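Here is the structure we will look at.
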Amino acid sequence: MSQTVRRSIEVEYWVTDEAGQLVSPGELTAAAQGVEREFVEPLLEIKTPPCETTEELQTELFDRLGAVLGRAEELGKRLVPLATPVNAGEIQELPEERTRIQNEVVGDQFRYVRHCAGTHIHFEQQPGQVVDQLNGLIALDPALALVNSSPYFQGQRLATGARSKLYRWMAYEDLSKQGRLWRYLEDEADWTRRLDRRYQEFLAAATEAGVDRQAVSADFDPESAVWTPVQIRNEFGTVEWRSPDTALPSHVLQLADGLATVVQRLVQTDVRIGGNRGEVTESAVLLPEFDAVLEYVEAAIRDGLRSKAVRSYLDRMGLDVASYEPTATRIDEGGAIDPHAARQLRLEYADRLEREVHQRSPAVAD
């Protein structure tokens, strides 16, 4: 193979006390490098640097998680790898200007975003092949089904991928071009044009909501004002996939490894678009037409790996679907979950996360 495509991850975790109640991370942010607050009170993010192999990525993630968990034990706090807090009432935001503006622009629907914890995977841009990388990740967006980790919102079953439904179909319903998956890209200039259009739409929506235009410009630029799931991030020199839920570390690493293998294939072989099946072969990567991708994405959010169409599609696209066991499928009982049961579920998955980090399961081979 030619040069390995480096990758990094950002994973968000809910923070609870020893009774499973959501709490602020507090001093946990000082436990290791790459540990930061998110925009809501009980959410913590852990970032890794770019890594060339899954083994290196695992070491970086587990070392940082281990440091955070060590400090959490001293403080009586836990980390929870679930995409939503299952049933938690209102979640408070940190008092930041950027968040205030988003609330004004998006409106009351922005409350749905406060219940979402996800994973972002960055792939280093390959010169001359950024468009193929982005288009390939758009086609692979249904792979979010591999790590769906919560079907619940406010104690009710919402979808197998509740976070994705909250984010794409509910929070940004009135700004759908901001928060949903975009069509394939023609060239990098096309990306710049799209960003500029979306930014102007965001500025117009802010003005309509009574937000000062200069205040928006101070906190947002064209790249930071969009939330589409697959993005070219020139600030970091990466192509970023933002769709997966937060999940157990082993699940996140397995997904990053699987996607890295396909992205590597994208930059080594011919990439074509056509039909509705999609397939990765030794000689080419065939991406389905965008409308077909949307159908797979909707099934991935609604039904997850229960969808035979999604399973078959992801298999054809080079992912070992049978090796994944999404948390959402394990905890999906179909009915309502009361606050007490939600706290117990959060603690159960905090236990699982801690066991994985302490045991340090072997990395998947690159």
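Considering only residues in region 161-176 that are under 17 Å from Tyr296 (Cα atoms) and touching a helix residue (DSSP H, G or I) at 6+ places or on another chain (Cβ under 6 Å), the one that is modelled with the lowest pLDDT turns out to be Arg168. Checking the stated criteria, Tyr184 turns out not to satisfy the condition of being part of a helix (DSSP H, G or I), open to solvent by 10 Å² or more (accessible area, probe 1.4 Å) and in contact (Cβ under 8 Å) with a residue 40 or more places away in the chain.
When each of Glu279, Glu235, Glu240 is tested for being within 22 Å of the chain's Cα centre (by Cα), at pLDDT 95 or above and either open to solvent by 10 Å² or more (accessible area, probe 1.4 Å) or among the charged types (D, E, K, R) (or both), the lone residue that passes is Glu240. The set of residues in region 18-38 that are under 17 Å from Gly70 (Cβ atoms) and assigned to a strand (DSSP E or B) contains only Val35. Within region 85-98, the residues that satisfy the criterion of being surrounded by 14 or more Cβ atoms within 10 Å (Cβ to Cβ) and under 30 Å from Ala341 (Cβ atoms) are Pro85, Val86, Asn87, Ala88, Ile91, Glu93. The residues of region 189-198 include none that are in contact (Cβ under 8 Å) with a residue 40 or more places away in the chain and exposed (fewer than 15 other Cβ atoms within 10 Å of the Cβ). Just checking, which of Pro127, Pro95 is of a type outside the set (A, V, I, L, M), over 21 Å from Glu41 (Cα atoms), over 15 Å from the mean Cα position of the chain (by Cα) and at pLDDT below 95? Unique residue meeting the criteria: Pro127.
With respect to the numbered conditions (1) of a type in the set (Val, Ile, Thr); (2) part of a helix (DSSP H, G or I); (3) surrounded by fewer than 21 Cβ atoms within 10 Å (Cβ to Cβ); (4) touching a strand residue (DSSP E or B) at 6+ places or on another chain (Cβ under 9 Å), which one is the sole condition not fulfilled by Thr329? Every listed condition holds for Thr329 apart from (4). In the set (1) open to solvent by less than 50 Å² (accessible area, probe 1.4 Å); (2) modelled with pLDDT of 95 or more, the condition left unmet by Gln264 is number (2). Looking at this structure, is Ala309 over 20 Å from Gln154 (Cβ atoms), among the small types (Gly, Ala, Ser) and not in a strand (DSSP E or B)? Judged against the criteria, Ala309 is a match. Can you find a residue in region 74-82 that is under 22 Å from the mean Cα position of the chain (by Cα), assigned to a loop (DSSP other than H, G, I, E, B) and under 30 Å from Arg360 (Cα atoms)? Checked region 74-82: at least one residue is under 22 Å from the mean Cα position of the chain (by Cα), assigned to a loop (DSSP other than H, G, I, E, B) and under 30 Å from Arg360 (Cα atoms).
When Gly89, Gly107, Gly136, Gly128 are screened for being without any contact (Cβ under 8 Å) to a residue 40 or more places away in the chain and farther than 17 Å from Pro25 by Cα, only Gly128 passes. Does Ala225 meet the test of being farther than 20 Å from Ser312 by Cα, modelled with pLDDT under 95, among the small types (Gly, Ala, Ser) and surrounded by 21 or more Cβ atoms within 10 Å (Cβ to Cβ)? For Ala225, the condition - farther than 20 Å from Ser312 by Cα, modelled with pLDDT under 95, among the small types (Gly, Ala, Ser) and surrounded by 21 or more Cβ atoms within 10 Å (Cβ to Cβ) - is met. Checked against the criteria, Arg302 does not count as touching a strand residue (DSSP E or B) at 6+ places or on another chain (Cβ under 7 Å), open to solvent by 20 Å² or more (accessible area, probe 1.4 Å), of a type in the set (D, E, K, R) and modelled with pLDDT of 95 or more. Count of region 60-69 residues, restricted to those that are more than 30 Å from Ile337 (Cα to Cα), free of Cβ contacts under 8 Å to residues at least 60 places away in the same chain and more than 20 Å from the chain's Cα centre (by Cα), is 2. Under 8 Å between Cβ atoms, which residue pairs at least 6 apart in sequence (or on different chains) link something in region 327-339 that is within 16 Å of Thr16 (Cβ to Cβ) and at pLDDT 95 or above with a partner that is aliphatic (A, V, I, L, M) and in a loop (DSSP other than H, G, I, E, B)? These pairs meet every condition: Ile337/Val86; Pro339/Ala88. Within region 42-60, identify whether any single residue is within 21 Å of Phe236 (Cα to Cα), among the acidic types (Asp, Glu) and assigned to a strand (DSSP E or B), and answer yes or no. Scanning region 42-60 turns up at least one residue that is within 21 Å of Phe236 (Cα to Cα), among the acidic types (Asp, Glu) and assigned to a strand (DSSP E or B).
How many residues, within region 199-208, are out of contact with any helix residue (DSSP H, G or I) (no Cβ under 8 Å at 6 or more places or on another chain) and either at pLDDT 95 or above or open to solvent by less than 80 Å² (accessible area, probe 1.4 Å) (or both)? Result for region 199-208: 2.
The values are calculated or read from the model by the stated rules, or taken from the named source; none is laboratory data. What you see is a predicted model; the values in this text were computed from it and never measured. Cβ coordinates were reconstructed from backbone atoms using ideal geometry, including for glycine residues, and neighbour counts include every protein chain displayed. Just so you know, the surface numbers come from the protein's heavy atoms only, side chains and all, with ligands and any DNA or RNA stripped out. Shrake-Rupley method; radii C 1.70, N 1.55, O 1.52, S 1.80 Å.
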